[in-house]
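J.: Quick one: structure below, then a few questions.
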Amino acid sequence: MERRHRSPNGLRNAALLLGAASALAGCAGAGAGAGRDSFDGYRAFPDSPADMQARIDARDLHGATQAYLWSMATATVLAWEEANLMVADYHDLVTYITPEDKRDIITANATTPYAVAFADLSRTDGMVEIVVPAGPVGGLVNDGQMRSVVDLGLAGPDRGKGGKYLILAPGVEEPANHDADFVVHSKSNLLFTGFRVLAGDDEQRDALFRAYKLNAIGRPSTTRVVPIGDAAYRGCNLRGMDHWRELHAFMQREVYGPEDAMALAFLKRLGIEQGKPFTPDARQTRILLEAEREGFDMSVAHSAAREMDDMLKHATFYAGTNWTNPLTVTNLYSTIDRRGVMELDVRNSWAHEAITMSEGMTAETPGVGSKYVAAYRDADGNYFNSAYSYELVVPPDAPVEQFWSLTAYNATTRAMVYTDRKDVSSRHDLYVNEDGSTPVYVSAHPETMPHPQNCIDISGQGDIFFYFRCYAPTLAYFAKTWQLPDIRRIE
């Protein structure tokens, strides 16, 4: 298989840019006279050099915010790389089994064990081999920008029968004498690979983990299976200047292509480029700090206000509700869609609150994998907050062959809420109404709910949001003949 491949200064700056835009618009007048008239009142040269500098600062700020949105996927991947390397090395498989293991992974589920490994192709002559065991596993390989490289296991070309994958760095030719079953190229040096065991007991799970191998081509595997244990890792992006320092350091070991050119140009203006040290002056530091703050706010909006955004409105899943599809990227293998347009906002919307993407996550195949929808606002349109209690009535005959779950997340860290009860699942011993529907409660005071065993504890979490997951979804999920109602606030 081969895949080819709003500070006052900010407001003033915006006003200056609008003035410049108005002037440019005048050039589109019907005739010379009309063009001249449209410049009435505009001054090309401001009163002082400081005002001209403000125009340059505005350019740099707006470019930096867009570069921030582009870089969020990398920041998310690097957080998990750092976590793995706290307890293991490249090519080792680090396991995250319990909810406590997954405590800081963004939008992790509370039920399915994760196993994750990293490789850096710049360390292995541009080639690595991955041996995927046969069995009920779903896996993937993503690159350093969270672009899909290839699916593994049931959703991959081995179709659950196992096999050996050869992953090549950009520009590296396929060697003549390999024994891989599948060959693919990555667009970056950094590789994130992970898989989940979708069935079986703990003994079968552990055997599949041990059978997974990742190594440089022609060398014996040194892959170890290492539990994350009680390592105090971070699961999300860094803030402030640390975000930019991490990005600069990553760029020094990476490969970039034409689809990255615009973002790299924005970063170069502020001293972030390959092959050069990052030593920002006071002006650059001020702009980068403001861009990081504004970019983070934009990322929150991309996730929590999809229905308000013309670029993201299509993400609404059940018409007339606040449930959205958080992953609507159309080209998993590139930041550019099939029409040649960068999917900047859609990718940022996903990368802000989740990690990895694959064919298996987007394919509409009944009975395979899991699907999920997200909610950030209640039935009255208010954002969720732990100061209130809520109820979701899950209709009978949920469209699943396995089970469903509702999980609550802290909106700041995007990790599961930091309480003892993070989710409610049909696998739990729940109260079920006579009509077959299941009431699920969300409250900082579970003991006050009608059926406490059906309640997620959100005490002390502040702003929150939810994912509703369907494991092995049936046709009714994709056809939307079964629909979730909105989550409503209760007294």
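J.: Kindly list the number of the only condition in (1) out of contact with any Lys or Arg (no Cβ under 8 Å at 6 or more places or on another chain); (2) farther than 29 Å from MET361 by Cβ; (3) open to solvent by 20 Å² or more (accessible area, probe 1.4 Å) that fails for SER443.
T.: The one condition SER443 does not meet is (3).
J.: Quick check: anything in segment 209-225 more than 14 Å from ALA67 (Cβ to Cβ), of a type in the set (Phe, Trp, Tyr) and more than 20 Å from the chain's Cα centre (by Cα)?
T.: yes
J.: Is segment 176-184 home to any residue that is more than 22 Å from ALA115 (Cα to Cα) and part of a helix (DSSP H, G or I)?
T.: Looking through segment 176-184, none of the residues is more than 22 Å from ALA115 (Cα to Cα) and part of a helix (DSSP H, G or I).
J.: Let me ask something else. Suppose we filter TYR418, TYR431 for residues that are in a loop (DSSP other than H, G, I, E, B), surrounded by fewer than 21 Cβ atoms within 10 Å (Cβ to Cβ) and within 26 Å of the chain's Cα centre (by Cα); which single one remains? Steps first, answer last, please.
T.: Values: TYR431 fails: within 26 Å of the chain's Cα centre (by Cα).
That would be TYR418, the only listed residue that is in a loop (DSSP other than H, G, I, E, B), surrounded by fewer than 21 Cβ atoms within 10 Å (Cβ to Cβ) and within 26 Å of the chain's Cα centre (by Cα).
J.: Can you find a residue in segment 382-396 that is among the aliphatic types (A, V, I, L, M) and closer than 21 Å to PRO99 by Cα?
T.: Within segment 382-396, the first condition is being among the aliphatic types (A, V, I, L, M), and the residues that meet it are 387, 392-394.
Going one step further and asking which of them are closer than 21 Å to PRO99 by Cα, we end up with none.
Within segment 382-396, not a single residue is among the aliphatic types (A, V, I, L, M) and closer than 21 Å to PRO99 by Cα.
J.: If I ask for residues that are assigned to a loop (DSSP other than H, G, I, E, B) and open to solvent by 20 Å² or more (accessible area, probe 1.4 Å), which ones from segment 163-175 would you list?
T.: As a first pass, look at segment 163-175 and keep what is assigned to a loop (DSSP other than H, G, I, E, B): 169-175.
PRO170, GLY171, VAL172, GLU173, GLU174, PRO175 - these are the residues of segment 163-175 that are assigned to a loop (DSSP other than H, G, I, E, B) and open to solvent by 20 Å² or more (accessible area, probe 1.4 Å).
J.: Does THR356 meet the test of being open to solvent by less than 20 Å² (accessible area, probe 1.4 Å), hydroxyl-bearing (Ser, Thr, Tyr), in a loop (DSSP other than H, G, I, E, B) and within 24 Å of ALA301 (Cβ to Cβ)?
T.: Details: open to solvent by less than 20 Å² (accessible area, probe 1.4 Å): yes; hydroxyl-bearing (Ser, Thr, Tyr): yes; in a loop (DSSP other than H, G, I, E, B): yes; within 24 Å of ALA301 (Cβ to Cβ): yes.
Considered against the rule, which asks whether it is open to solvent by less than 20 Å² (accessible area, probe 1.4 Å), hydroxyl-bearing (Ser, Thr, Tyr), in a loop (DSSP other than H, G, I, E, B) and within 24 Å of ALA301 (Cβ to Cβ), THR356 comes out as yes.
J.: Report those strands (runs of 3 or more DSSP E) wholly inside segment 188-301 carrying at least 1 residues which are under 25 Å from THR412 (Cβ atoms).
T.: Working: elements: 190-197, 213-216, 225-227.
Of the strands (runs of 3 or more DSSP E) lying wholly inside segment 188-301, those with at least 1 residues that are under 25 Å from THR412 (Cβ atoms) span 190-197.
J.: PHE182: under 17 Å from GLU359 (Cβ atoms) and surrounded by fewer than 21 Cβ atoms within 10 Å (Cβ to Cβ), yes or no?
T.: On the way: under 17 Å from GLU359 (Cβ atoms): yes; surrounded by fewer than 21 Cβ atoms within 10 Å (Cβ to Cβ): yes.
In short, yes.
J.: Looking only at residues that are in a helix (DSSP H, G or I) and under 24 Å from GLN204 (Cα atoms) in segment 80-111, which one is least open to solvent (accessible area, probe 1.4 Å)? Give the steps one after another, and end with the answer.
T.: Taking segment 80-111 as the starting set, the residues that turn out to be in a helix (DSSP H, G or I) are 80-87.
When the remaining residues are screened for being under 24 Å from GLN204 (Cα atoms), the result is 84, 87.
Numbers: ASN84: 4, VAL87: 46 Å².
So, considering only residues that are in a helix (DSSP H, G or I) and under 24 Å from GLN204 (Cα atoms), the one least open to solvent (accessible area, probe 1.4 Å) is ASN84.
J.: Something else: Looking at ALA44, ALA64, ALA50, ALA30 in this structure, which one is surrounded by 15 or more Cβ atoms within 10 Å (Cβ to Cβ) and either modelled with pLDDT of 90 or more or of a type outside the set (Asp, Glu) (or both)?
T.: Criteria check complete, one pass: ALA64.
J.: Those residues that are surrounded by 14 or more Cβ atoms within 10 Å (Cβ to Cβ) and either in a strand (DSSP E or B) or within 27 Å of the chain's Cα centre (by Cα) (or both), I need them from segment 447-461; list them, please.
T.: CYS455, ILE456, ASP457, ILE458, SER459, GLN461 - these are the residues of segment 447-461 that are surrounded by 14 or more Cβ atoms within 10 Å (Cβ to Cβ) and either in a strand (DSSP E or B) or within 27 Å of the chain's Cα centre (by Cα) (or both).
The values are calculated or read from the model by the stated rules, or taken from the named source; none is laboratory data. The structure displayed is predicted, hence computed values, not measured ones. Note: ideal-geometry Cβ built from the backbone for every residue, glycine included; neighbour counts use all protein chains shown. Just so you know, the surface numbers come from the protein's heavy atoms only, side chains and all, with ligands and any DNA or RNA stripped out. Shrake-Rupley method; radii C 1.70, N 1.55, O 1.52, S 1.80 Å.
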